[in-house]
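Reviewing the structure listed below.
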Amino acid sequence: MPRYRESTIGQITNQAVAKTRQRPKDPCRTCDPASEHMLTTRGEGQLSQFDRYLAQQPQCSFGLTGICCRLCLQGPCRILPKEPGNRGICGARDYAIVARNLVRSIAGGASSHSDHGRHAAETLLKVAEGKAPDYKITDEEKLRSVAARIGLEVEGVPTKELAKQVALKALEDYGRHTDEPCTFLWSTITEGRRKKFTHCDIAPTAIDKTIAQLLSQTVMGMDADPVNIIFGGLKTALVDYTGMHIGTDISDILFGTPKPIVSEANLGTLDADYVNIATHGHNPTLSEMVVEAARELEDEAKAAGAKGIRVVGICCTGNELLMRQGVSLAANQASQELAIMTGAVDAVIMDVQCFIPGLKALSECFHTRLITTNEMAKIPGSYHFDFKEERALEQARDMVRLAIEAYKNRDASRVNIPAEKHKVIAGFSLETVQEMLAAVNPDRPIKVITDAIEAGEIKGLCLFAGCNNMKSPQDEAHLTIAKELAKKDVLLLATGCSAGALAKAGLMTPAAVEAYAGEGLKSFLRRLEEASGMEPGLPLVWHMGSCVDNTRAADLLTAMANELGVDTPKVPFVATAPEAMHEKAVSIGAWCVTMGVPTHVGVMPPVEGSPLVYGIVTQIAHDVYGGHFILEEDPKEGARKLLDALEYRVWKLRLHRKAAEKYDTELAASW
Ligand code: BF8
Ligand code: SF4
């Protein structure tokens, strides 16, 4: 069987350099009306990343294509067209430099996600040991199901004791010294993936060791073999997955597994009459306490002249609070500074990741107080709390009081809140999805999806993930691809800032089903809606949570593979990061590929400088893992390629089924 070749995949088109040469002139590059309002009505001197992006153009073509090396002090070395300049000073070739740079991004992403997971596990341990009295085990059922999945004895074990064992088992994944693979990886993937990762020698045994080894593998004078470097990167991507899974599982245990919930999204959710607190970052450990403290201190806000306190979310902390508490999602990554420009945000409380230093200069134009809370993430000139779970609620109260104080200094004449906001139906954890599907088929809920695919009612699933990137007009690629795929009957899942983009634009509503879904998708969603009695209806896009919650989508992929009796590369499931920006998006994309998922990235990563590496990630990866990167900056083309990948899988699955029936053999394992 010849391997799948999409005619344009694998051909370098120099998209990154072509883009920087276009040098846009207008900072207002967004298709979010709220962002447009802020960028066109803001006061003088209120600069944001939209302006700074223009100032950086044109960007360096060596950096854009990945052929700049700064790994040692002899550098930077650039790969030039002719000998001897076509190698670094040490003799490193383009492929080694591109591969090393790429996998070091994966190490960055994996360290972020796994730190998040570690923090969750340490918090759970403190709760189990009675050292964090403000927290509790909210979802005992999840605790027991996670414990059973990772092989712990559950029957008759008291809750706190079990919580301790789960926490310790998670922490074991960070520093194991034996050859056993990471538990939170091994217990959540298919048998086929376990064999594949073992065969390719990329099954990680310990998170911290794997990240450290990748850095060691890629220092000056170490690995120069691009395939070996990339395999090291993929092993590290799997520890990214492991840390993310730990983060999601334990957050659900501590704060509850998300259920369908109605809220709103976009800057219009800020309210001039209230003390507005924006929670920003990723880890719900702090923000859950802020929500609780804000509820407690309503009267203090009223005494200060406000109607009360409004907590809103930005980025993934926003997604976490939206999914569990129904807190409004005010902004995704690109509009974080624009929230401050409204003049109505009294404090931004940050935990970890994705809050940008540019917030500080802008906050100085207003009364807004910036509050950082993590020892690794400080912004000069901001308030800083050394956040400790042992004193969580007390510290959260102090933060909320800082916001109330700031409110007293708010200049009402400068408040400029755009009207734009949309209803959002969120809360699609795997448990929610399974419960909905069980209303149709109680014995085999996932079969409802796989049957709909096999019957041709829907074409498959697409996971929308990742960020905003100033290289693309804000949210445009997310919306374009979502609408294109919905029209073609693809069931859409979303996380992270992609979910933010789709929520802000009203795509997480039943009305969007009417407006954008093809007939097949419409009838599938209606059937499910009726059977499950889902109020107030099913949205077009299912919000699965923050970036770490991409593992919820991966679990759905695994469940579909198990239901179909195949390995993941045969499942009609694709992923897209239309506006990928962060190193975390690179690591998520890399584990999606190892899980056998065709993964579209809408902003060119720095790989065009090496045809060999480009070929490995877009073609060879498919041969080995069944997943590959689709690197395409044109959103419509990206959507077409994703759809092609889905249709190819459905076609092949049918073909293999027919052959197996006809010759009475096992279903072919190839993809
Ligand atoms: O972790 S999608 S910009 S906020 S990295 Fe960051 Fe990207 Fe947003 Fe969530 Ni994920
Ligand atoms: Fe140059 Fe080699 Fe040093 Fe990189 S490691 S900066 S290519 S000499």
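The values are calculated or read from the model by the stated rules, or taken from the named source; none is laboratory data. Small disclaimer: the values here were computed from a predicted structure and weren't measured. Here the Cβ positions follow ideal geometry from the backbone for every residue, glycine too, while neighbour counts run over all protein chains shown. Calculation scope for accessible area: heavy atoms of the full protein, side chains included, ligands and nucleic acids excluded. Shrake-Rupley method; radii C 1.70, N 1.55, O 1.52, S 1.80 Å.
Filtering the stretch 71-120 to residues that are in contact with a strand residue (DSSP E or B) (Cβ under 7 Å, 6 or more places away or on another chain) and either assigned by TED's automatic domain parsing to the domain that holds Val548 or in contact (Cβ under 8 Å) with a residue 40 or more places away in the chain (or both) leaves Ala92, Ile97. Within 15 Å of ligand 2 (Cβ to nearest atom) and open to solvent by less than 10 Å² (accessible area, probe 1.4 Å): is that true of Ala99 in this structure? Criteria met by Ala99. Check whether at least one residue in the stretch 111-124 is polar (S, T, N, Q) and surrounded by fewer than 18 Cβ atoms within 10 Å (Cβ to Cβ), and report yes or no. Checked against the condition, which is being polar (S, T, N, Q) and surrounded by fewer than 18 Cβ atoms within 10 Å (Cβ to Cβ), the stretch 111-124 yields no hits at all.
Restricting attention to the stretch 506-524, the residues being surrounded by fewer than 24 Cβ atoms within 10 Å (Cβ to Cβ), within 27 Å of Val548 (Cα to Cα) and hydrophobic (A, V, I, L, M, F, W, C) number 2. Which one is nearest to ligand 2 (Cβ to nearest atom) among residues in the stretch 262-289 that are β-branched (Val, Ile, Thr), farther than 20 Å from Asn409 by Cβ and open to solvent by less than 10 Å² (accessible area, probe 1.4 Å)? Checking each candidate, the answer is Thr285. Can you spot a residue in the stretch 133-148 that is under 30 Å from the mean Cα position of the chain (by Cα), within 16 Å of ligand 1 (Cβ to nearest atom) and either modelled with pLDDT under 95 or charged (D, E, K, R) (or both)? Within the stretch 133-148, none of the residues are under 30 Å from the mean Cα position of the chain (by Cα), within 16 Å of ligand 1 (Cβ to nearest atom) and either modelled with pLDDT under 95 or charged (D, E, K, R) (or both).
Condition test on Val440, is it open to solvent by 20 Å² or more (accessible area, probe 1.4 Å) and either touching a Gly at 6+ places or on another chain (Cβ under 7 Å) or more than 16 Å from ligand 1 (Cβ to nearest atom) (or both)? Spelling it out, Val440 is indeed open to solvent by 20 Å² or more (accessible area, probe 1.4 Å) and either touching a Gly at 6+ places or on another chain (Cβ under 7 Å) or more than 16 Å from ligand 1 (Cβ to nearest atom) (or both). Given the criteria open to solvent by less than 10 Å² (accessible area, probe 1.4 Å) and in contact (Cβ under 8 Å) with a residue 12 or more places away in the chain, does Val348 qualify? The answer is yes for Val348.
Arg410 meets the conditions (1) assigned by TED's automatic domain parsing to the domain that holds Ala559; (2) part of a loop (DSSP other than H, G, I, E, B); (3) not β-branched (Val, Ile, Thr) in every case but one. The failed one is (1).
Consider Asn228 carefully, then state whether it is open to solvent by 10 Å² or more (accessible area, probe 1.4 Å), more than 30 Å from Ala147 (Cβ to Cβ) and either touching a strand residue (DSSP E or B) at 6+ places or on another chain (Cβ under 9 Å) or of a type in the set (S, T, N, Q) (or both). The answer is yes for Asn228. For the stretch 526-583, name all the residues that are small (Gly, Ala, Ser), under 18 Å from the mean Cα position of the chain (by Cα) and in a helix (DSSP H, G or I). Matches in the stretch 526-583: Ala553, Ala554.
So that you can scan it fast, the table gives a plain yes or no per residue for (1) of a type in the set (Phe, Trp, Tyr); (2) assigned to a helix (DSSP H, G or I); (3) over 14 Å from Met399 (Cβ atoms); (4) in contact with a Leu (Cβ under 9 Å, 6 or more places away or on another chain):
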site: Val290; (1), (2), (3), (4): no, yes, no, yes
site: Ala294; (1), (2), (3), (4): no, yes, no, no
site: Lys302; (1), (2), (3), (4): no, yes, yes, no
site: Val311; (1), (2), (3), (4): no, no, no, yes
site: Cys316; (1), (2), (3), (4): no, yes, yes, no
site: Glu320; (1), (2), (3), (4): no, yes, yes, no
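Only strands (runs of 3 or more DSSP E) whose full extent lies in the stretch 323-403 are considered here, and the ones with at least 1 residues that are out of contact with any Leu (no Cβ under 9 Å at 6 or more places or on another chain) and of a type outside the set (D, E, K, R) are 369-372. Annotation for the stretch 211-225: at least one member residue is within 22 Å of Ser112 (Cα to Cα), among the hydroxyl-bearing types (Ser, Thr, Tyr), assigned to a loop (DSSP other than H, G, I, E, B) and open to solvent by less than 20 Å² (accessible area, probe 1.4 Å).
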